[in-house]
Every structure is written in C-alpha cells, then in structure tokens.
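The values are calculated or read from the model by the stated rules, or taken from the named source; none is laboratory data. Since we're looking at a predicted model, the values are computed, not measured. Neighbour counts are summed over all protein chains in view; Cβ atoms, including those assigned to glycine, are modelled from backbone coordinates with ideal geometry.
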Amino acid sequence: RKIVLATGNQGKVSELSQLLTPLAVNIVPQSEFDVPEVPETGTTFVENAIIKARHAAKITGLPAIADDSGLAVNALGGAPGVYSARYAGNNATDSDNIDKLLGALKDIEPAKRQARFLCVLVYMRSSEDPTPIICQGEWHGTITHERSGDSGFGYDPVFWVEQKQCTSAQLSKAQKNALSHRGQALQQLLVKLSTELEH
Ligand code: ITT
C-alpha cells in the first residue's frame, strides 16, 4: 500500500518520514511523481492542507498526506501565519524570511517576543474524499535576536524552546518531533491511520 507525501519541503519530508515508519505502508515523497505546484489560495492552514492533499491525490491516484504549517508571532498580530513560507516575497529563502522577521521585531523587548508554530496535517483517501482526516498541533516559544543552530528548517534557528534552553535548530530530529507542532499532529494522525489501515 502506498501513500504520497504531498510536500515539496525537504525539512517536512524528513520529519514526517521519521514518525510515519511504524505504519505498514509505503510513504512515497511527491518528488517521485510529476506533481506541479498548486496555488495555496486558502486563508487557513486547514484549507491549504486540503488543497495540497487533494491535488496530489488527483495527480497520483494515491491517498495523500499534506502538511500546512507556519509561525504566528503575537507582537505581529499572528503574522506571518499562513504566509510563513513567502513572508519576504514569493521566491524568499528561509534566511530571507528570518531576516525580515528579526527586522520586524527589532524594537520588541524579550518579554514580548512570544510566538507559536502551527501545523495541520490532512489525510485524503482520494481527491474526492468527503471526510478527510484533519489533525493539528501547536508549539509555543519565543523569537530570539540572533540565529543559533543548523538543524531543522524555516524559522528554527530563531525559535527559542524554553524547556530545552536552545533553539529548535539545536534539537535533533527526534527531540524536535517529540515537542513540535508537527510531531503532535503526527502522533494523532498515526493513531487514526493505524486503526483505519488495519481494516
Ligand atoms: P509545501 O507547501 O510544499 O509543503 P512549504 O514550505 O511551502 O512546503 P507551507 O506553505 O506550509 O509549506 O509553509 C510553511 C512554512 O512555515 C515553512 O516554509 C517554514 O518557513 C515555516 N515552518 C513550518 N514548520 C516549521 C518548522 O517545524 N520549523 C521551522 N519553520 C517552520
């Protein structure tokens, strides 16, 4: 049995693959198929995850899992939110986005730099699935003034994890998955999928 992982983000593929190994299915990254990018026109993580999962399921004819996620910063009224990947523009790199974020928070004192990562995972059995499985996770932290660490992806180098006294880019993949928004959503999805795939 095969499920396509509907993401073009290698950081997500790496984290998701690690936790999905217990499932008795073959998780195939979207890069192994010809899946063109689809415009993420939704205004919520749920809408965008459904758009991506439906698109991949339609093109491959396989069930699909998609991840829509982002960073919501309190002092910025929840921005960049669903626009996290394109915060500094359409072709922005992770580093451009971090520069923009640190600039926007330049004058914000340490006690007011709270943020959270959000993740929605969607599983669609087919492109027409009327009851997709939807799981969510949330991870609280604060935004540092400088980058530290080189693991992970996206905003990890500036996301301070109080419990570990380091940024999320200084955690191993397993440590990050045990705490993160994506890890939490994935734990829930794993429970639901393992029951469903037994039948
Ligand atoms: P796909 O749509 O192909 O999955 P994407 O990177 O465009 O890849 P999103 O639209 O969901 O995905 O954007 C998510 C962005 O949020 C991502 O590019 C990072 O900048 C940020 N982000 C999400 N999860 C993160 C994490 O665990 N660590 C750091 N940054 C994260």
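At a glance:
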read-out	value
Answer from ARG116, ARG182 - the residue that is farther than 27 Å from VAL4 by Cβ, in contact (Cβ under 8 Å) with a residue 24 or more places away in the chain and under 17 Å from the mean Cα position of the chain (by Cα)	ARG116
Some residue of the range 25-32 being farther than 20 Å from CYS119 by Cβ, small (Gly, Ala, Ser) and surrounded by fewer than 22 Cβ atoms within 10 Å (Cβ to Cβ)	yes
Residues of the range 1-10 that turn out to be within 7 Å of the ligand (Cβ to nearest atom) and over 15 Å from LEU121 (Cβ atoms), as a count	1
Unmet requirement for ASP34, which otherwise passes all of (1) at pLDDT 95 or above; (2) among the charged types (D, E, K, R); (3) assigned to a loop (DSSP other than H, G, I, E, B)	(1)
Per-region count, the range 18-30, residues part of a helix (DSSP H, G or I) and either more than 17 Å from the chain's Cα centre (by Cα) or more than 10 Å from the ligand (Cβ to nearest atom) (or both)	3
Any hit, the range 28-36, residues being of a type in the set (Phe, Trp, Tyr) and in contact (Cβ under 8 Å) with a residue 60 or more places away in the chain	no
Flag for ALA169 being within 22 Å of VAL4 (Cβ to Cβ) and within 19 Å of the chain's Cα centre (by Cα)	no
The listed residue being assigned to a loop (DSSP other than H, G, I, E, B) and within 8 Å of the ligand (Cβ to nearest atom), out of GLU15, GLU40	GLU40
Near pairs, Cβ below 8 angstrom, 6+ apart or cross-chain, from the range 140-161 (touching a residue at least 40 places away in the same chain (Cβ under 8 Å)) to any residue that is assigned to a loop (DSSP other than H, G, I, E, B) and of a type in the set (A, V, I, L, M)	ILE143/LEU105; GLY152/LEU171
Residue ID - nearest to SER31 (Cα to Cα), chosen from residues in the range 57-81 that are within 10 Å of the ligand (Cβ to nearest atom) and crowded, with 22+ Cβ neighbours inside 10 Å	ALA66
Candidate set from the range 33-53 (those that are surrounded by 14 or more Cβ atoms within 10 Å (Cβ to Cβ) and not hydrophobic (A, V, I, L, M, F, W, C)); member that is nearest to ILE3 (Cα to Cα)	LYS52
Cβ pairs under 9 Å, 6+ apart, first in the range 82-109 and touching a residue at least 60 places away in the same chain (Cβ under 8 Å) and more than 21 Å from THR43 (Cβ to Cβ), second part of a loop (DSSP other than H, G, I, E, B) and away from the ligand (no atom under 11 Å from the Cβ)	ILE98/ARG147
